Amino acid sequence: MLVGIVIGIGIFKTPPIAAANVSSEAEFLALWVAGGLLTLVGALCYAELGSTYPDAGGEYHYLTRAYGRSLGFLFGWGRMTVMQTGAIAAVAFVYGDYATKLLPLGAYGAAVHAASAVAALTILQLLGTTLSGRTQLALTGLTLTAIGLVATSGFAAEPRPSTFETAPPTGAAGLAMVFILLTYGGWNETAYLSGEVREPGRNMVRVLLLGTSVVMAVYVVTNLALLSMLGLSGLRRADTVMIEPVAATFGNFGAAMLSLIVCVTALSTLNATIFTGARSNLALGRDFRPLASLSRLSEDIGAPANALLLQAAIALVLVGFGAQARNGFQTMVEYTAPVFWGFMLLVGLSLFLFRWSDPERSRGFSVPLYPLTPALFCMTSAYLFYSSVVYTGLGAILGIAILALGVPVFLFGRGEIDRR
């Protein structure tokens, strides 16, 4: 599940952007390694939280325990209306962009494909957890096949004469890191599986550390392959970065097959994101009585049907909103980023609060090099929150505004509970 969430559409879009903001191949590769190490740091922090406080509510559960019910609700609201549903819409647009090349449906074809994917995968989740889990395994396997095809193509192609290349930068390494960490994003979604994993004290650590290590290895090898064939300057100019080396090695048929697999890759990420998003909505409904219907599990399928349906409805609204913008994917990334990194900072700080307020609790795993490790995670989250506000446009402001609407919703709902 973790590998399927993380190795998704990001690696098919961000290498040219990162290459445009560095001065050398060495810096480019170093930033990808650094991004993997920072992801491991975050995984270590989540391993302690997930093994000590296992719960299907994941981050919602940690924030509620650390800061109280009001902030927990605000996170659940932000995840339901901004973060998770915005991520679902963003991935759906990537799927739509590639699917419309294989099956054109007119001016709004990408949005139609995106909406159809959200609806179809939600229906799949409603058919049962076992079926959706098997589907996820198959989709993840095809995703890794696509990445392997690209890496093999890059290394098999005729190598460039020079081993190393330096070029004038067109941006900043800090901005490159923003996109690289976006590509590594999604590993934290496994927090919502801690309530359903056997022996979470041991297995959550395994899932997070093994999964993030696999992702880091795949990304570094893939970018080495791209540099081997295209070089830094060629990578900067590659709009369809994954298709070019495959077309050069396997011809147009190989490129067409890769386009199809990219669609499957997007579906893999989308399926896993829909699964975990519904679990956080379930936790919100369990703790906030006016939304209690979200907490009901269907006895037939073992899944939160109402939470899945509401999530799909919000995501479809966002797909409609993104269809009116110039770039639906970029609009959704701008919409979600500031809210996401702001709450990630608060989750990191919660580890310090738990160590101070609950020192006697048995911990299945303790983050090494405490307090340096969680401090580094918090500083990274704070930097990315700042960057996501500075480097994005109106989408970021809209996401923050929607989050702020959760305050009166909470106050109204609390008043309703008090009157009862």
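Readers should treat all values here as calculations from the given coordinates under stated rules, not as data from a laboratory. Predicted model only: the values in this text are computed from it and were never measured. When we count neighbours, we look across all protein chains shown, and the Cβ atoms used for this are built from the backbone with ideal geometry, even at glycine.
Data table
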quantity	calculated
Whole-Hz ³J(HN,Hα) from phi, Karplus 6.51 cos²θ - 1.76 cosθ + 1.60, for segment 224-236, glycine and proline x	4, 5, 5, 5, 4, 8, 9, x, 5, 5, x, 5, 4
Label-point separation in nm, VAL214 to ALA34, each point 7 Å along Cα→Cβ	2.8 nm
Gain on full stretching of the segment that runs from VAL409 to TYR370 - 0.36 nm per residue minus C-alpha separation	10.3 nm
Cα gyration tensor shape of segment 1-107, rounded if a/c is under 1.5, else prolate or oblate by comparing a/b with b/c	oblate
Exposure proxy ranking, count of Cβ atoms within 10 Å, fewest first, for LEU349, LEU181	LEU349, LEU181
Sequence of MET332, MET257, MET177 once ranked by neighbouring C-beta atoms within 10 Å, starting from the fewest	MET257, MET177, MET332
